[in-house]
Each structure stands twice: as C-alpha cells, then as structure tokens.
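A quick write-up on the structure given underneath.
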Amino acid sequence: MGFPNGRRRIAVAVAALLATVAVAATVYRVLAPAEVVTPARAGYPPAASPTVGVVGRLPVAPLVVDGRLRVYAAHRQVYADRPADGRYRTTPYWSYRRWPATLDGVVASGTTVVTRWSDGRLVALDARTGRVAWRADGPAPAGERTVRRTGAATVWDPRGLLVARGSDGRQAVVAAGAERMSAVDLADGRELWQSHLTVTVPPGDADAFAGCRDALGATGSGQVMIVDSCAGPAVVEFRDAVTGAVGLRWRPPDAGDEMVATPVGCGTGRTGCTGLRTAGPGDEPGRGWLLGAGAPVAAPALDRPDAELVGGTAVAVVDGVPVGRSARTGAELWRRVGLPPVRLLAVQPDRVHLLTETNDLVTLDPATGAQRSFFALNVGSDGIGWAPGAAYAADGFVAVERLRKPVDPAGDDQRYYLTSEPLILAAT
C-alpha cells in the first residue's frame with residue numbers, strides 16, 4: 001500500500017531537508033576557518049656543528065632557528081625539519097596549518113617562531129614543540145605580494161613584520177598594514193601599542209595611502225624605523241619598539257620629497273640594524289648613515305648601493321676586489337687581492353660571503369679580510385652553470401637560490417629555477 005499524497009510530500013520534504021543539512025555540514029567542515037597543529041613527537045635536536053662545505057640541496061628556502069631546526073613556508077602552512085645541517089628536507093618535525101588564510105611572513109627569535117597571515121592574525125609557535133604559544137590580532141598585510149615556490153620572500157624577507165628588542169630587554173613583534181601598525185609582546189602576545197595613519201583618508205581613496213608608512217627594520221637600540229610619506233615629504237621615524245613612543249623624525253639634509261631608505265648592518269629579519277642608506281628615486285646616488293642614540297651620522301663608506309655593514313666594517317666590492325673600510329672614518333682596513341672577480345652575496349655578524357663568476361663561495365673575516373673558507377657551490381651532478389637568486393646567511397650557514405641561465409624574471413617557476421631542488425645549502 002502506498003503513502004497518501006500528503007504524507008508522500010512530507011516525506012520528500014523531510015528527506016530534502018536532511019540532505020541539505022548534510023551538505024551544509026560537509027561544506028562547513030571543509031570551508032570553515034580552521035587550524036591544524038601537528039606537534040613534535042621527538043626530542044629537540046642539539047645545535048648543528050656541520051663540516052665546512054656544501055651541506056645539500058632543498059626544494060624550499062630554509063630559515064635556520066636556534067641553530068637546530070630549519071623552518072619553511074608553504075601557501076597555508078609553516079613547518080620545520082631537523083637537523084639544521086641535514087642533506088635533504090626530511091619529514092616535518094612539526095607543522096602548523098591555517099585555513100582559509102594564507103601565510104604572509106615568518107620571523108623568529110630564540111625558540112619562538114612568529115607567523116603572520118593574510119587576515120592579519122599573528123600566531124607564535126614554540127620551535128621546540130611546534131605547539132601554539134599565543135595568538136594575537138594585527139593589521140592585515142598591505143596589498144598582495146608575489147611569492148615563488150621556494151617561499152624565500154616569506155621567510156627571508158617578510159614584509160611589514162619584524163622583531164625588535166627594547167632597551168629594557170623585552171622583545172616586541174611589530175606588524176605593519178596599509179592603515180595601521182601594532183606591536184605585541186613576543187613573550188605572550190599581549191598588545192603593547194598601535195598606531196594609525198596620521199592623515200584623514202577620503203572615502204574611496206584608501207589605495208592612494210596604502211603603503212605610505214613602511215616599517216624598514218629595527219635598530220640595535222630598540223627602535224623601529226618607519227618611512228612616513230603619508231602627509232608630506234618622506235621622513236624616517238624612529239619609534240620605541242616596546243612603548244610605541246616616537247623619539248625622532250629625521251630627513252637627510254637636502255633630501256627631496258621622495259626618499260628610498262634601506263637598512264644595513266641588520267640581522268635576519270632586519271633586526272639590530274646599525275646603519276641606513278638613503279637615496280632619491282631612480283638612479284640618484286645614495287648616502288650612508290650610522291645609527292646610534294641620536295640622529296644618524298654620515299658614513300660615506302656606505303654610500304655605494306652594494307656596500308654592507310658588518311660590525312664596524314663597511315664592505316664593498318670595488319672593480320671585482322673586496323675592500324673593507326671603517327664605517328665611521330672611511331679608512332681602508334683591508335683589501336683582498338688575488339681572488340677571482342667576486343660579487344657580495346650575503347653577510348652575517350662574523351662573516352662576509354662572496355661569490356665568484358664560477359660560483360665558488362668565498363668567506364672572509366669582516367674585521368681583517370682573512371679567508372675563512374673557499375669551495376665550489378656544487379652538489380651532485382647539478383654543475384655550476386647557474387645564476388644566483390635570493391640568498392640568506394645565519395648561524396654559519398649560507399643558502400642560495402640557483403636560477404636557470406639566462407634568467408627570465410617573468411618566467412614560470414619551472415623556467416626560472418635551475419632544478420626542482422634549487423636551494424643549495426652550505427656551511428662556512
């Protein structure tokens with residue numbers, strides 16, 4: 001016996017409703033905001049002590065953390081492997097994933113790894129365990145940024161994100177967006193201060209002011225350097241990283257309305273910077289400055305656009321020859337003749353890394369110019385017929401992207417990179 005028409009319609013309606021609820025639940029489970037934490041299941045590894053030379057090759061850019069781990073960036077994930085001197089990328093030691101936000105930047109200090117996401121969320125992870133240490137809200141990143149598959153821009157050059165150590169020893173995580181900048185305590189994520197644009201943005205004109213305050217880096221004395229061009233000619237603002245108080249607003253003498261400022265003498269993530277180079281737009285010559293307690297002091301040894309500051313030494317390659325000068329007086333301290341023609345690749349506090357035309361890595365002592373190591377950047381059967389891309393140096397390691405010749409900046413990743421494992425990692 002069949003159902004009466006009325007009951008049949010009710011049954012069909014109920015079945016349709018249940019199906020809709022099931023579909024909605026499935027969609028919610030798939031698309032709802034979520035995070036997945038996969039903590040470490042093994043002990044924290046000891047500090048690496050690698051043998052000098054090429055360590056290995058990697059498919060993505062490593063950020064060396066605490067001398068023990070390598071941290072990597074993916075589109076919606078940050079993860080780590082071990083040891084820091086491993087020949088290849090290994091199974092993740094820990095990982096952290098968010099959805100639907102995308103990863104925008106990564107910085108680290110000690111055993112804390114701080115991640116910034118496209119929705120402005122800051123999430124700090126304990127590098128020893130991979131567990132979340134704290135979460136905090138911050139300004140969303142300003143605009144979009146192109147990041148290639150290695151993730152080098154995310155971990156080696158995070159935009160609008162840095163860690164600064166205040167004069168009282170506390171560390172602040174500073175995040176800058178299009179209209180707001182804020183700082184939280186590295187220890188617990190507690191908000192320390194926030195600052196908004198000092199101009200009134202007309203309705204519909206927000207894009208015109210996006211990026212008019214650019215966080216350059218943090219000085220060794222605990223100040224955040226900000227280029228502010230929102231309400232007039234560009235100035236460099238020095239703001240206390242912990243309190244947010246503005247101490248100095250400075251412009252180089254005879255500077256034009258437009259100004260490009262580049263921090264020098266910095267650690268990883270543009271922290272502890274001891275110098276600054278300013279220039280006008282285009283090909284105008286630059287001027288170097290030393291940073292201290294007061295206003296920046298002129299340092300002509302840093303005027304060259306390729307000059308780097310390591311300790312008190314300004315290092316540049318002049319006609320293919322590396323030269324070290326006193327950053328304060330300009331006096332020549334050393335000159336390394338007899339090397340093949342080189343280019344300055346990267347620096348770290350006690351090392352200057354140079355690359356020859358045949359891709360040999362030369363490492364010098366910045367104070368004396370003495371050679372620390374010299375070897376070919378070659379691994380397996382890859383050869384040395386590549387062009388250097390982004391480079392990174394920390395904890396005695398050097399990592400370099402290897403690009404296919406001739407370099408095609410507009411090419412896709414397969415054309416752009418030399419191999420599927422384009423990163424070469426070396427210990428110096």
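The values are calculated or read from the model by the stated rules, or taken from the named source; none is laboratory data. Since the structure is predicted, the reported quantities are computational estimates derived from the model, not experimental observations. Neighbour counts are summed over all protein chains in view; Cβ atoms, including those assigned to glycine, are modelled from backbone coordinates with ideal geometry. The area values use the complete protein model at the heavy-atom level, side chains included, leaving out ligands, DNA and RNA. Shrake-Rupley method; radii C 1.70, N 1.55, O 1.52, S 1.80 Å.
Residue 359 falls short on exactly one of the conditions (1) open to solvent by 70 Å² or more (accessible area, probe 1.4 Å); (2) modelled with pLDDT of 95 or more, and that condition is (1).
Each row is one residue, and each column tells you yes or no for (1) assigned to a strand (DSSP E or B); (2) at pLDDT below 95; (3) over 30 Å from residue 345 (Cα atoms).
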position	(1), (2), (3)
115	yes, no, no
140	no, yes, yes
144	no, yes, no
147	no, yes, no
189	no, no, yes
200	no, yes, yes
211	no, yes, no
214	yes, yes, no
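Taken over segment 68-82, the criterion of being open to solvent by less than 60 Å² (accessible area, probe 1.4 Å), out of contact with any Leu (no Cβ under 8 Å at 6 or more places or on another chain) and part of a loop (DSSP other than H, G, I, E, B) is satisfied by no residue. Every condition in (1) under 25 Å from residue 57 (Cβ atoms); (2) among the aliphatic types (A, V, I, L, M); (3) over 16 Å from the mean Cα position of the chain (by Cα) holds for residue 113 except the one numbered (3).
Of the residues making up segment 90-113, those that are of a type in the set (Phe, Trp, Tyr) and either in a strand (DSSP E or B) or surrounded by fewer than 16 Cβ atoms within 10 Å (Cβ to Cβ) (or both) are 94, 96, 99. If only residues of segment 165-176 that are modelled with pLDDT of 90 or more and surrounded by 18 or more Cβ atoms within 10 Å (Cβ to Cβ) are counted, the one that is farthest from residue 126 (Cα to Cα) is 176. Residues to consider are 280, 294; find the one that is under 25 Å from the mean Cα position of the chain (by Cα) and at pLDDT below 95. So the residue among 280, 294 that is under 25 Å from the mean Cα position of the chain (by Cα) and at pLDDT below 95 is 280. Residue under question is residue 62, and the condition is that it be over 19 Å from residue 117 (Cα atoms) and modelled with pLDDT of 95 or more; does it hold? No; evaluated as a whole, the condition is false for this residue. Quick one: is residue 54 of a type in the set (A, V, I, L, M, F, W, C), open to solvent by 60 Å² or more (accessible area, probe 1.4 Å) and either out of contact with any Cys (no Cβ under 8 Å at 6 or more places or on another chain) or modelled with pLDDT under 60 (or both)? Considered against the rule, which asks whether it is of a type in the set (A, V, I, L, M, F, W, C), open to solvent by 60 Å² or more (accessible area, probe 1.4 Å) and either out of contact with any Cys (no Cβ under 8 Å at 6 or more places or on another chain) or modelled with pLDDT under 60 (or both), residue 54 comes out as no. Restricted to segment 363-428, the set of strands (runs of 3 or more DSSP E) holding at least 2 residues that are without any contact (Cβ under 8 Å) to a residue 40 or more places away in the chain and open to solvent by less than 30 Å² (accessible area, probe 1.4 Å) comprises 397-403. For the condition under 27 Å from the mean Cα position of the chain (by Cα), open to solvent by less than 10 Å² (accessible area, probe 1.4 Å) and touching a residue at least 40 places away in the same chain (Cβ under 8 Å), residue 349 does not qualify. A single entry from 87, 128, 135 fulfils the requirement of being under 24 Å from residue 189 (Cα atoms), part of a loop (DSSP other than H, G, I, E, B), open to solvent by 30 Å² or more (accessible area, probe 1.4 Å) and touching a residue at least 12 places away in the same chain (Cβ under 8 Å): 128.
When the strands (runs of 3 or more DSSP E) confined to segment 254-340 are screened for residues that are among the aliphatic types (A, V, I, L, M), within 17 Å of residue 218 (Cβ to Cβ) and open to solvent by 60 Å² or more (accessible area, probe 1.4 Å), none reaches at least 1 such residues. Condition check: surrounded by fewer than 14 Cβ atoms within 10 Å (Cβ to Cβ), farther than 18 Å from residue 152 by Cα and modelled with pLDDT of 95 or more. Does residue 33 satisfy that? When the stated conditions are applied, residue 33 does not pass them.
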